[in-house]
Amino acid sequence: MKRYEIRLAGFGGQGIVTAGRVLGTAISMYEGKNSVNTQSYGPESRGGACRSEVVVSDGEIYYPSVRKADLFVALSQAALDAYIGDLKPGGVLIVDPDVVELPADHKHLVLVAIPTLELAQQAGGAQVQNMVALGALSTLLDWISPVSCEKAIAECVPAKTLAANLRAFWSGREFLAGQSTERKSVPLPKDKRLLVVANEPEEPAE
């Protein structure tokens, strides 16, 4: 596969770094692809800005950071505001519409709205919100198997939290599996937890 760039961002305490580590482990250790995982976070252990990036390729990776993301998971408003401009046209944006204000114009991207915090609380608590997002992400990328993700989760989280993390991961996958992925051009529905897939960007005029 060609270079694929993934960015996850939010604030400290949401497990952004752990989600990136799980994703990188699943890709490199169990999917046989090259990946580089980098992190950046503020001085605060909780509440500060936090970002984790995973760059994936079948070939060599000469630059480890995201230039223009193919897929962006934004778990806070500040993260969305800071990085939405770095998402490629036609790229995938995963957000929780209960905690962030969705971009008014999303026809140039694929928008996935999923109640990550609500599903996390049902699975074991807000601390597993990152795994709900990871489950959603893995559903959208057919080159990452759920089995690889399960193995990586087991390696990267404390044993006492493994069951809750796995429940959260599967809740993210199952939520998206129950949604329609048919391409359509519609405003966000009243039930804002539905999956919305925007149009492909229009071809430039000749």
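The values are calculated or read from the model by the stated rules, or taken from the named source; none is laboratory data. Not measured: the values here are computed from a predicted model. Ideal geometry is used to build each Cβ from the backbone, glycine not excepted, and the neighbour counts take in all protein chains shown.
Tabulated values for the structure
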read-out: Condition check for Thr161: of a type in the set (S, T, N, Q), assigned to a helix (DSSP H, G or I) and modelled with pLDDT under 95; value: no
read-out: Search result, residues across region 78-106 that are over 15 Å from the mean Cα position of the chain (by Cα), part of a helix (DSSP H, G or I), surrounded by 14 or more Cβ atoms within 10 Å (Cβ to Cβ) and free of Cβ contacts under 8 Å to residues at least 40 places away in the same chain; value: none
read-out: Test: Val56 is of a type in the set (Val, Ile, Thr), under 16 Å from the mean Cα position of the chain (by Cα) and surrounded by 21 or more Cβ atoms within 10 Å (Cβ to Cβ); value: yes
read-out: Flag if Val55 is modelled with pLDDT of 95 or more, touching a Pro at 6+ places or on another chain (Cβ under 8 Å) and either aliphatic (A, V, I, L, M) or within 13 Å of Glu5 (Cα to Cα) (or both); value: yes
read-out: Region 119-129 - residue that is in a helix (DSSP H, G or I), touching a residue at least 40 places away in the same chain (Cβ under 8 Å) and not aliphatic (A, V, I, L, M) and, of those, surrounded by the most Cβ atoms within 10 Å (Cβ to Cβ); value: Gln129
read-out: Qualifying residue in region 145-153 (condition: under 16 Å from Leu71 (Cβ atoms) and under 15 Å from the mean Cα position of the chain (by Cα)); value: yes
read-out: Leu75 being crowded, with 22+ Cβ neighbours inside 10 Å, under 16 Å from Gly135 (Cα atoms), without any contact (Cβ under 8 Å) to a residue 24 or more places away in the chain and touching a strand residue (DSSP E or B) at 6+ places or on another chain (Cβ under 9 Å); value: no
read-out: Failed criterion for Arg183 (all others in (1) farther than 19 Å from Glu53 by Cα; (2) at pLDDT 95 or above; (3) of a type outside the set (Val, Ile, Thr) hold); value: (2)
